[in-house]
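Peer 1: To start, I am sharing the structure in question, which I have written as structure tokens.
The values are calculated or read from the model by the stated rules, or taken from the named source; none is laboratory data. Everything quoted here is computed from the prediction, not taken from an experiment. Cβ placement follows ideal geometry from the backbone for every residue including glycine, while neighbour counts extend to all protein chains displayed. The accessibility values were calculated without ligands, DNA or RNA, using every heavy atom of the protein model including side chains. Shrake-Rupley method; radii C 1.70, N 1.55, O 1.52, S 1.80 Å.
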Amino acid sequence: MAAEEMNLPKGELMKGKKGVVMGVANHNSIAWAIAAQLAAQGAELAFTYMDMMEKRVKPLGESIGVKVFCPCEVTDDASMEAAFKTIEEAFGTIDFVVHAIAFSEKNELKGSFVENTTRENFLRSMDISAFSFVDAARRASSLMPNGGSMITLTYLGAERVIPNYNVMGVAKAALEACTRYIARDLGPKGIRVNAISAGAIRTLSLAGISGGRSMVNQGRAWSPLREDTAPEGVAGCALWLLSDLGRSTTGEVVHVDAGFHIVGLPDELESGGAA
Ligand code: NAD
């Protein structure tokens with residue numbers, strides 16, 4: 001969605017703050033909603049993106065005033081190094097990082113986890129979806145002499161078994177643990193580190209999961225709010241965590257999923273037969 005169509009609150013909560021958004025692929029990306037919200041509150045942004053996404057990412061970024069674009073393949077040390085060097089040259093120091101990156105082979109995001117998971121894809125999923133946050137946090141923290149805030153994006157499949165989410169659930173569990181360990185290490189430097197556990201949202205990543213559409217539909221049907229998770233809601237939580245409003249919160253996993261994660265049984269079963 002275009003930034004103006006999202007009806008994001010404008011203000012100055014991020015005025016004077018500079019940071020990096022990693023993971024915009026197109027206008028459906030969660031990172032895009034977050035970036036648009038941060039820009040609407042006065043943040044100065046750099047985007048890192050995968051080379052093949054350049055045609056989509058640049059016009060989006062430019063529409064909200066982004067001037068720094070860095071191609072970045074997170075599995076490649078030289079590419080990460082070059083991206084953070086560009087960011088340092090452009091901004092000197094930074095105040096925040098948004099990490100919204102994940103990947104696993106589509107053909108392992110279906111069916112039996114125990115039967116379908118290969119060593120190669122297990123390690124690759126962990127590398128891209130969990131280690132990349134550790135690597136980005138280390139590089140970014142050296143550009144944060146005045147403290148700062150970092151967020152990553154996770155999903156309920158880290159805590160509970162979600163059909164077909166498989167190795168991504170394991171990678172998200174690692175990502176959430178990484179969030180706590182990074183928070184502990186960087187806390188003394190005044191850097192807060194948190195994760196947002198978003199409900200299912202229609203994006204490129206979700207399309208790679210077998211039954212992704214039913215994750216969205218079930219989320220809407222079961223959640224206390226009876227609605228889809230709004231990218232704007234995730235962006236609002238990101239704004240809280242990345243601005244000074246989020247002071248004193250670190251090492252946390254905040255659910256933004258219309259309340260889906262609190263439900264043990266769907267309503268239809270409440271009156272359905274004998275206990
Ligand atoms: P998306 O496809 O728009 O974003 C995923 C991003 O990861 C893309 O920009 C892609 O280019 C990037 N990426 C993948 N491999 C990479 C690599 N090797 N190097 C650099 N970048 C790489 O989808 P999204 O749903 O917006 O995903 C963003 C984050 O939100 C992911 O961590 C995802 O797991 C998480 N999340 C998504 C949902 C959902 O339902 N869509 C729910 C909870 C959490």
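Peer 1: Please work out which one of (1) within 14 Å of the ligand (Cβ to nearest atom); (2) over 12 Å from residue 23 (Cβ atoms); (3) crowded, with 20+ Cβ neighbours inside 10 Å is the condition residue 73 fails and give its number.
Peer 2: Going through the list (1) within 14 Å of the ligand (Cβ to nearest atom); (2) over 12 Å from residue 23 (Cβ atoms); (3) crowded, with 20+ Cβ neighbours inside 10 Å, residue 73 breaks only (3).
Peer 1: If we only count helices (runs of 4 or more DSSP H) wholly inside segment 171-246, which ones have 3 or more residues that are crowded, with 23+ Cβ neighbours inside 10 Å?
Peer 2: Result: 231-242.
Peer 1: Restrict the check to segment 144-155 and report whether at least one residue is within 10 Å of the ligand (Cβ to nearest atom), touching a helix residue (DSSP H, G or I) at 6+ places or on another chain (Cβ under 8 Å) and either assigned to a helix (DSSP H, G or I) or open to solvent by 40 Å² or more (accessible area, probe 1.4 Å) (or both).
Peer 2: no
Peer 1: A further question follows. Would you confirm whether or not segment 6-24 contains a residue that is over 25 Å from residue 147 (Cβ atoms), touching a residue at least 40 places away in the same chain (Cβ under 8 Å) and exposed (fewer than 12 other Cβ atoms within 10 Å of the Cβ)?
Peer 2: Looking through segment 6-24, at least one residue is over 25 Å from residue 147 (Cβ atoms), touching a residue at least 40 places away in the same chain (Cβ under 8 Å) and exposed (fewer than 12 other Cβ atoms within 10 Å of the Cβ).
Peer 1: Within segment 113-129, can you find the residues that are touching a residue at least 24 places away in the same chain (Cβ under 8 Å) and either away from the ligand (no atom under 15 Å from the Cβ) or in contact with an Asp or Glu (Cβ under 9 Å, 6 or more places away or on another chain) (or both)?
Peer 2: Residues satisfying the conditions are 113, 116, 117, 121, 122, 124, 125.
Peer 1: Follow-up. Just need a number here: residues in segment 87-112 that are surrounded by 18 or more Cβ atoms within 10 Å (Cβ to Cβ) and either part of a helix (DSSP H, G or I) or of a type in the set (Lys, Arg) (or both).
Peer 2: Summing the residues that are surrounded by 18 or more Cβ atoms within 10 Å (Cβ to Cβ) and either part of a helix (DSSP H, G or I) or of a type in the set (Lys, Arg) (or both) in segment 87-112 gives 2.
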